[in-house]
Amino acid sequence: RIFNLVNFIRPMKIILETLVLSLPQLLNIMVLVMIVYTMFSIAAVNLFATTKYGTRLGPTGNFNTWTAGMMTAYQLIAQDEWQMILEDLRVQHPECSEKFTANLRYAEVWEGAVDLSFGDCGSSLALPLLITFKILCEAVLLNLFIAAILDNFSYITDSSDESEQEVDWRKGASKAQVDLLAAIFISCCPKPPDPWNIREGESLDPRLPLSRVADLIRRLPAPLGDSDRPETRPKLKAATLLVRAELNLIYILDVEEAERDYQRKRVKYQKRTIRGWLRRAANRFRDFPSHNSPRTPVTFARLMATLVYWRVPHMVPD
């Protein structure tokens, strides 16, 4: 249900789609990061495995083993007192022993005790090694993460914008497309009648004469119109004829319904008593309902419904 809810919130949907689309690239970058971490940890273990503990270098951060080196490498990138770790790794004589001798290792030297070739001092390579590691991870690999996410985010937002303007209307028309269709329809309609001269029952809504339907369809964008492409012209011409025929049939039915309504109202008035008719004739005769067949029969809703039926039938419910 949470994911279904996210589908209704466009910004959250874009973020979720970006994360899902970025996963393969992020995994590849993670593999590269692990390779860099491994190389640094191996080099650090060889250089600092025996370095004496200091202010920050200790049980929670050291290079005694590869595993500890990987954890310490993460602490360096996470800015966990990395400058103190760097200072501890650069410790030199006399604060440390350059080599472990038998005298230093044992309180009493016995037969067989040997001197060792290493001590607990740090290395002068600590500074270039850590600086190179941090620049590589923070300035390069981290930016690779950001670049992959932004690239996919841009792709998702562009795809989302294109889907709103999808010419075949696989998911229906967007609000911007409907507004565009309404603007084209209004521009093709004649000037609306004067409100003071409008007849009873006549609407002020824009209406399009049947004679202008073909011109309107030619001006509509795809998929309802789009006559600019030669390959669509034959189908558009056929659809225009079908749309006009259906609208003409609807117009005839509307006229017949208006005639029947007129006759019903006329009979209703004729059934009234002579006295009542004489009493109200002066006031109501001028308002007597007249034949009100529409002059311009095609409304926006009716035209769009007919066009959708003939041009994009996959949007018509079964």
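Observations on the model:
- Across Lys175/Lys265; Lys175/Lys235; Lys13/Lys175; Lys237/Lys265, pairs whose alpha-carbon gap is larger than 30 Å: Lys175/Lys265; Lys237/Lys265
- Approximate spin-label separation Ser187-Asn28, in nm, with each point projected 7 Å along Cα-to-Cβ: 4.6 nm
- The slack between Ala238 and Glu81, meaning 0.36 nm per residue of separation minus the straight C-alpha distance, is 48.9 nm.
- With contacts taken as Cα pairs under 8 Å and at least 6 residues apart, segment 1-100 reaches a relative contact order of 22 percent.
- Per residue, segment 1-99 exposes an accessible area of 64 Å² to a 1.4 Å probe, with every protein chain left in place.
The values are calculated or read from the model by the stated rules, or taken from the named source; none is laboratory data. Here the structure is a predicted model, which is why all the values come from computation and not from measurement. Every residue, glycine as well, gets a Cβ built from its backbone with ideal geometry; the counts of neighbours run over all protein chains shown. Quick note on the areas: whole protein, heavy atoms, side chains included, nothing else; ligands and nucleic acids left out. Shrake-Rupley method; radii C 1.70, N 1.55, O 1.52, S 1.80 Å.
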